[in-house]
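**Student:** First, the structure itself, so that you have it in front of you.
The values are calculated or read from the model by the stated rules, or taken from the named source; none is laboratory data. As the structure is a computational prediction, the values presented were derived from the model and not from experiment. Quick reminder, even Gly has a Cβ in these numbers, built from the backbone with ideal geometry, and neighbours come from all protein chains shown.
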Amino acid sequence: MDRSILERALSPGGEPACVLVAGASGGIGSAFCRAVAGKCPRSTLIRLARDTSTLEPLDVETIDLSYDLEDESLIAEAVSKIPDSLRVELAFVATGWLHDQHYSPEKTYKTLDAAHMLRAYQVNAVGPALLLKQLLPRMPTGKQGRIGVLSARVGSISDNRTGGWHSYRASKAALNMIIKNYALELSRKRNGPIIVGLQPGTTDTRLSAPFQRSVPPGQLQTPAYTADQLLRVMQSLRAGDSGKLFDFLGLPFDP
């Protein structure tokens, strides 16, 4: 039986000097920022959001930068504004796309649409990959950094029992492969960052709102709970965890 990595003692080193959260205006991203502010008050918090005016005030030092996950030039511009004196020791990519006013998860292959699929891949896989490409040079070289990227259990090929949700499942499966590729490449560098995929559980956010009726009683999580758990998981990571997928309880699951 798999054991949770939360059973470990937290890794030494104290608070990270600098934490970056991409997607900081979303339900989980904003809650993660609050968790960092509460548990790591001495950390400098960098928040990336499409519209920084929507970010809530916090009682810690923040650097708020606007970016667009679908435009690498705007990602690069945002990252370039991080002060040279800061090295991002912990990065959380809290982005993801499942539905909007135009598209809903497909129940059957008969409703597959190229534009729908391409948007899912762009936001869920391509965007995070390009963000990490730009961000990695801003992480420490003498100290092991940590990167957590929001994935999803429904993106697990081995765990797929029901089908459907084609674009979301496939794009998250692609993200999981990107995470593995990054992990293998970074492992060849001394003190290369640890990178993992994180499954947040069903959390009360706009992403899950249309599907909450099917959630069993007591299993819908608050953003605060999810964020606290994911921060604990990231603080517990060790080098051998890189490339793996973990849920909010710190339990690994197969891609």
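**Student:** How many residues are crowded, with 21+ Cβ neighbours inside 10 Å and under 16 Å from the mean Cα position of the chain (by Cα) when one looks only at segment 142-168?
**Tutor:** Qualifying residue count for the region: 10.
**Student:** Could you tell me how many of the residues in segment 154-182 are touching an Asp or Glu at 6+ places or on another chain (Cβ under 9 Å) and either within 18 Å of Q144 (Cβ to Cβ) or charged (D, E, K, R) (or both)? Quick ask: steps written out before the conclusion?
**Tutor:** Within segment 154-182, the subset touching an Asp or Glu at 6+ places or on another chain (Cβ under 9 Å) is 156-159, 164-168.
Those still in the list that are either within 18 Å of Q144 (Cβ to Cβ) or charged (D, E, K, R) (or both) too: 159.
Counting residues in segment 154-182 that are touching an Asp or Glu at 6+ places or on another chain (Cβ under 9 Å) and either within 18 Å of Q144 (Cβ to Cβ) or charged (D, E, K, R) (or both) gives 1.
**Student:** Would you point out which residue out of T226, T205 is of a type in the set (S, T, Y) and part of a loop (DSSP other than H, G, I, E, B)?
**Tutor:** Numbers: T226 fails: part of a loop (DSSP other than H, G, I, E, B).
Within the list T226, T205, the selection yields T205.
**Student:** While we're here: Got a sec? Which helices (runs of 4 or more DSSP H) wholly within segment 68-141 have at least 2 residues that are more than 19 Å from the chain's Cα centre (by Cα)? Spell out how you get there, then give the answer.
**Tutor:** Values: elements: 72-80, 114-121, 127-135.
Filter on segment 68-141 gives 72-80, 114-121.
**Student:** Which of the residues spanning segment 171-201 are assigned to a loop (DSSP other than H, G, I, E, B) and among the small types (G, A, S)? Reasoning before the result, please.
**Tutor:** Kept after step one, since they are assigned to a loop (DSSP other than H, G, I, E, B), are these residues of segment 171-201: 187-193, 200-201.
Matches in segment 171-201: S187, G192, G201.
**Student:** I'd like the full set of residues that are of a type in the set (A, V, I, L, M) and touching a helix residue (DSSP H, G or I) at 6+ places or on another chain (Cβ under 6 Å), limited to segment 197-219.
**Tutor:** Quick first cut of segment 197-219, residues of a type in the set (A, V, I, L, M) only: 198, 207, 209, 215.
Listed by number, the list holds a single entry, L198.
**Student:** For segment 75-114, which positions are without any contact (Cβ under 8 Å) to a residue 12 or more places away in the chain and either touching a Cys at 6+ places or on another chain (Cβ under 8 Å) or surrounded by 15 or more Cβ atoms within 10 Å (Cβ to Cβ) (or both)?
**Tutor:** If the condition is that a residue be without any contact (Cβ under 8 Å) to a residue 12 or more places away in the chain and either touching a Cys at 6+ places or on another chain (Cβ under 8 Å) or surrounded by 15 or more Cβ atoms within 10 Å (Cβ to Cβ) (or both), then E77 is the only one that fits.
**Student:** Take segment 230-255 and flag every residue that is of a type in the set (S, T, N, Q), closer than 19 Å to V36 by Cα and part of a loop (DSSP other than H, G, I, E, B). Working first, answer last.
**Tutor:** If we filter segment 230-255 for residues that are of a type in the set (S, T, N, Q), which is where we start, we get 235-236, 242.
Among the residues that remain, those that are also closer than 19 Å to V36 by Cα are: 235-236.
Correct list: S236 only.
**Student:** Also, quick follow-up: Among the residues of segment 180-202, is there at least one that is farther than 26 Å from L136 by Cα, in contact (Cβ under 8 Å) with a residue 12 or more places away in the chain, of a type in the set (V, I, T) and touching a strand residue (DSSP E or B) at 6+ places or on another chain (Cβ under 8 Å)?
**Tutor:** Yes, that holds for at least one residue.
**Student:** Residue under question is Y67, and the condition is that it be more than 19 Å from F248 (Cα to Cα), of a type in the set (F, W, Y), in contact (Cβ under 8 Å) with a residue 24 or more places away in the chain and in contact with a strand residue (DSSP E or B) (Cβ under 9 Å, 6 or more places away or on another chain); does it hold? Even if it seems obvious, please write down each step before you answer.
**Tutor:** Values: more than 19 Å from F248 (Cα to Cα): yes; of a type in the set (F, W, Y): yes; in contact (Cβ under 8 Å) with a residue 24 or more places away in the chain: yes; in contact with a strand residue (DSSP E or B) (Cβ under 9 Å, 6 or more places away or on another chain): yes.
Yes; evaluated as a whole, the condition is true for this residue.
**Student:** Taking I28, is it of a type in the set (A, V, I, L, M), at pLDDT 95 or above, surrounded by 15 or more Cβ atoms within 10 Å (Cβ to Cβ) and under 18 Å from G127 (Cβ atoms)?
**Tutor:** For I28, the condition - of a type in the set (A, V, I, L, M), at pLDDT 95 or above, surrounded by 15 or more Cβ atoms within 10 Å (Cβ to Cβ) and under 18 Å from G127 (Cβ atoms) - is met.
**Student:** A further question on this structure: State all residues of segment 118-129 that are among the aliphatic types (A, V, I, L, M) and either in contact with a Cys (Cβ under 8 Å, 6 or more places away or on another chain) or within 13 Å of D100 (Cα to Cα) (or both); if no residue qualifies, say none.
**Tutor:** First, pick out the residues of segment 118-129 that are among the aliphatic types (A, V, I, L, M): 118, 120, 123, 125-126, 129.
A120, V123, listed by residue number.
**Student:** Turning to a different aspect of this structure: Would you mind finding the one in Q134, Q122 that is surrounded by fewer than 24 Cβ atoms within 10 Å (Cβ to Cβ) and within 21 Å of P16 (Cα to Cα)?
**Tutor:** Numbers: Q122 fails: within 21 Å of P16 (Cα to Cα).
Unique residue meeting the criteria: Q134.
**Student:** If you don't mind, another one. Within segment 170-188, which residues are closer than 20 Å to R119 by Cβ and either touching a Leu at 6+ places or on another chain (Cβ under 7 Å) or surrounded by fewer than 22 Cβ atoms within 10 Å (Cβ to Cβ) (or both)? Step through it out loud before you land on a result.
**Tutor:** We begin by selecting, within segment 170-188, every residue closer than 20 Å to R119 by Cβ; these are 170-178.
Correct list: A170, A173, A174, N176, M177, I178.
**Student:** Quick check on my filter: what residues within segment 194-239 are among the small types (G, A, S) and either surrounded by 21 or more Cβ atoms within 10 Å (Cβ to Cβ) or at pLDDT 90 or above (or both)?
**Tutor:** Initially, segment 194-239 is screened for residues among the small types (G, A, S), giving 197, 201, 208-209, 214, 218, 224, 227, 236, 239.
Answer for segment 194-239, where residues must be among the small types (G, A, S) and either surrounded by 21 or more Cβ atoms within 10 Å (Cβ to Cβ) or at pLDDT 90 or above (or both): G197, G201, A224, A227, S236, A239.
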